[in-house]
Structures are given as structure tokens and as C-alpha cells.
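**Q** Structure below; questions to follow.
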Amino acid sequence: MDDSISARIPPSCPPETQQILTAAWSHDVATVKKLLDTPGRASARDPVTGETPLHAAIRALGPVPGPEASEEEKKEDEASVEAAIATIKELFLWGAIWNDVDDRDETPGCLADRLGRGEVYNLCVEAGVRAELLFGLFQNDEYEELDSGDEEMEDGEEGDHVEIEMEDGHVNGAPEDGEEAPELVQTKEQEPQRANGGPDVNSEEYLKSHLTLDETKLVDEDGNGVMMAWETEIMRQSKDTLLPEPQQGKRILNVGFGMGIIDSMFADTKPAQHHIIEAHPEVLKRISAPDSKFGAEWEASSPEPGAYKVHQGKWQEICPQLLAEGLVYDAIYFDTFGEDYSQLKEFFTDYVPGLLDTDGVFGFFNGLGADRKICYDVYTKVVEMHLADAGLDVDWKVIDVDLKGLEEAGKGEWEGVRRRYWTLDKYRLPVCTFLG
């Protein structure tokens, strides 16, 4: 890639934009501060390359010096990093958008990661976390607490927010008054996927859509991957962490049947109680088919009446009923489609504390922002904070993902699937238990 200033800030760049990009590239903090007096300048971008001041400040650093670099070169690099960080912090203070993408589909954080600039990458992650937490407050109408008169937001902070959805349709920050908040990451393929990480498909649309199932995938009528067979090893390890030995005789609740991958694993442990919540009519039809492993015969085989049961409907309707009945579970798993992060947060905030036994374990399919490393890292920190607010601790079991067949959109495992919702070689498996 040509990361030179002439390639990224071409002569055709408008003068005012060129001015702020060049100052950011030079890490000229004094000039940057003066230029930021103009509203929106922190997020200016070249119309051809998509270069923003954040991109410019990071790109100017170049890659980390190799082991062959002299001590003088290393000291010069340290000074450049210090100047770049000062520039980046100033830009964030004035509302620079942490996840704007350039013409190469790179956010500033993606760029920092490619260049091996870990310290700068972490600044972008922290900005993303701040943005999501602030936006969450506004979404929940809790912003009055921020305007109590006792505290004031620093200049520019209000522009650094984002609305995060799941697996791949995501968010951006800093909308102007009257504008819609841009998406978390404005990729070239802005599409949907699943509640714990997926495309911009809402629940009502999904529940009305026609589904197609084969041996490798379950997709809706628009080709969005609802569930895929490549996730099997993730499900297997999730089952093992949710049901520590001995695995038999446990009480299990799974929200979202899909292809039945993890429910089949749960059933093999001979649980004392196994409840499934599923809302899609076509999935429910398959479950009730004569050859289904989870049909009437399965329910009749339960140790006691109602111990094995498929609850038909949305979890938002079923969970209050389960709470009213006083049911508790040793293991709860959540993996829905057509919902965003706010639904997952609602589930573990409002229902897990009442449905999970004291020593129980809660988990979910962690596809949050998994089409981009920085989004995955931002989600990790955000969900940690929200789980703690709900009284839950989370340990992340990091497992390798075999990307063979997952490398390219539209090919291999992704053939016939509208969007490649997973691109990472590591999966963070959440193991959630009560604090203390």
C-alpha cells in the first residue's frame, strides 16, 4: 500500500481539508488546535481517499521500526509517537470519529493495527468504548443525569458516540444536529446478521422471512446467515464451559434454536431440564416435524412433565413467564437473530439475574463486531462493563478459529451467504457468573 502523504492527500483535496490533514500528518498540535475552532473540522475527509485527520496522524508514523533500527532512529520514533498521541487526543476531544473508514475500508484503529502501533490502537479502542457508553446513555433517556449542573462534558465529547449493532451492521459516531448517526463501521457491504453480531435485520422482518436450511447453513430469504455449521466447534466449547463436569443432570435454557447445533449437544448430556425458546415459525415447524430430535417424542421423554420443552414465541414474552413460575437454570445460552446489542443487554440485565442459579453460568454467541478487529475489541470492553452493572463477572476463553473456507466473501463457507460476518482468527468465548 502507498501510505505516502502525496497518495493520501492528493492535490485535488479541497484547501480547508488539506490544511487540517497536513497539520495532523505533521503532528502540529498548535495548528490543529487553531483549525479545530471550525465545527466538523476534526472529521474532515478527502473526497477521494477518505483520509481523515485521525488517519493522517496515525499513517504519518509508518510501521514500527524493526530490530535493525539504530538507537537514534528508535528515539526519533518515540518522539513521533508522543507527538502523534497528543494530536490524536486533541482530535478526539473535538469529536473526531474513531471508526470512519477510508477508501481502503480501514478505520484509524485498523490502520494503527496494520502498522503495529499498539499504543495508538488502544487509544482508538478507548474512544470507541467512550462513544458507545455515551450513546447508550442517550438511547436510554438517561442523559438528564449528565446535565445535572454538577458536571459538564468536555468540549467535543458529545460528537464521539456510536450506536452498536451486532455481528456486522455497525455504527459510527458524531452526527450533527438533525442527522442520523452513521453506522458503527461504514463498510462497503453495509448488510445485516445476528443478534450477537450480525446484519441490519430487525426481529419483525426476520420472523416473517422464509428460511432455507441445508447441511452447512441456515439463511433467510435475503441470504443473511442465521447460523452456519462452521460455528460447531465454538458451540462445542461453549457447551463445555457452560456445563462443567459432571455435565449430566443440569437445568438448561437456550434462547434461539437455529440449526439446533448447541441444543443437540445439550441434549446429549441428559439434562434434568432442557428448555428452548424459539420464535421463528419455520424453525418451529421443523422442530415439530416427525423426524425432529426435539419434537413431541423428545418432550415426552423428559424426566418429569415439562422438563423438556420448546417454548414457542419471543424471549421477551416467554422469559417473564419463566420468572413468574420461579424457574432457575444451571446454564443459560443466548443466540438470537435480527436483534441488536441492546436486546442482548436487556436479556442479561433484566432476566439472567432472576433465571440463573447462584452457581450457574451464562453465555452467548459472541459475534459482536466480529467482521472487524477493533469493533470486536470495543464490544469486549463495553459488554464487560454492562455485565458488571448487571452483577455478572465475565471471563473470556480465547479459542482459535480455523479460517479455512472463511477467507473470502461469497466463496467457501460463505457461498450463498449475503455477508461475511466473521473475519477473525480468535473467538472470545464469554463465561459469565455472578460477581462474588
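**Q** With r as the distance between the Cβ atoms of LYS381 and ASP37 and R0 = 22 Å, compute the FRET efficiency 1/(1 + (r/R0)^6) and round to 0.05.
**A** E(calc), rounded to 0.05, equals 0.10.
**Q** Under a GNM of the chain (C-alpha, springs under 10 Å), which listed residue has the highest mean-square fluctuation: CYS13, CYS375, CYS110?
**A** CYS13
**Q** Here's another thing I want to ask about it. Report the full-extension gain for the segment GLU76 to ARG104: residue separation times 0.36 nm, less the Cα-Cα distance, to one decimal in nm.
**A** Gain on extension, GLU76 to ARG104, equals 7.2 nm.
**Q** I would also like to ask the following. Say R0 is 30 Å: what FRET efficiency, to the nearest 0.05, do THR232 and MET1 get from their beta-carbon distance?
**A** E between THR232 and MET1, to the nearest 0.05, is 0.25.
**Q** Would you be so kind as to identify which of GLY360, ALA56, GLN18 lies farthest towards the positive end of the dipole of the chain, taking Lys and Arg as +1 and Asp and Glu as -1 on Cβ and the Cα centre as origin?
**A** Positive-most Cα among the choices belongs to GLY360.
**Q** Could you run the Karplus curve 6.51 cos²θ - 1.76 cosθ + 1.60 with θ = phi - 60° over the range 342-356 and give me ³J(HN,Hα) per residue in whole Hz, x for Gly and Pro?
**A** Karplus-based 3J(HN,Hα) across the range 342-356 equals 4, 6, 4, 4, 4, 5, 7, 7, 9, 10, 4, x, x, 9, 8 Hz.
**Q** Within straight cross-link reach of LYS381, meaning Cα distance under 23 Å, which lysines are found once same-chain residues fewer than 8 apart are removed?
**A** LYS89, LYS345, LYS373, LYS397, LYS426
**Q** Something else about it: Accessible area per residue for the range 251-310 in Å², computed with a 1.4 Å probe and the full protein assembly in place, what is it?
**A** 44 Å²
**Q** How large a share of the accessible area of the range 5-146, in percent, is made up of carbon and sulfur atoms when the probe is 1.4 Å and the other protein chains stay in place?
**A** 52 percent
**Q** Using helices alone, what [θ] at 222 nm do you get for the chain, with -39,500 (n - 2.57) per DSSP H run of 4 or more residues, divided over all residues and rounded to the nearest 500?
**A** -10500 deg cm²/dmol
**Q** Given R₀ = 41 Å, what would the calculated FRET efficiency be for ASP357 paired with GLU16, taking r from the Cβ atoms and rounding to 0.05?
**A** Computed FRET efficiency for ASP357 and GLU16 comes out at 0.10.
**Q** On to the next question. Roughly how many debye, to the nearest 20, is the charge dipole of the chain about its Cα centre, given +1 on each Lys and Arg Cβ, -1 on each Asp and Glu Cβ, and no other charges?
**A** Dipole about the Cα centre, nearest 20: 1440 debye.
**Q** Of all accessible surface on the range 347-434 at a 1.4 Å probe, what whole percent is carbon and sulfur?
**A** 44 percent
The values are calculated or read from the model by the stated rules, or taken from the named source; none is laboratory data. Note that the structure is a prediction, hence the values are computed from the model and not measured. For neighbour counting, all protein chains shown are included, and Cβ atoms are generated from backbone atoms with ideal geometry for every residue, glycine included. Heavy atoms of the whole protein, side chains included, go into the accessibility calculation; ligands, DNA and RNA do not. Shrake-Rupley method; radii C 1.70, N 1.55, O 1.52, S 1.80 Å.
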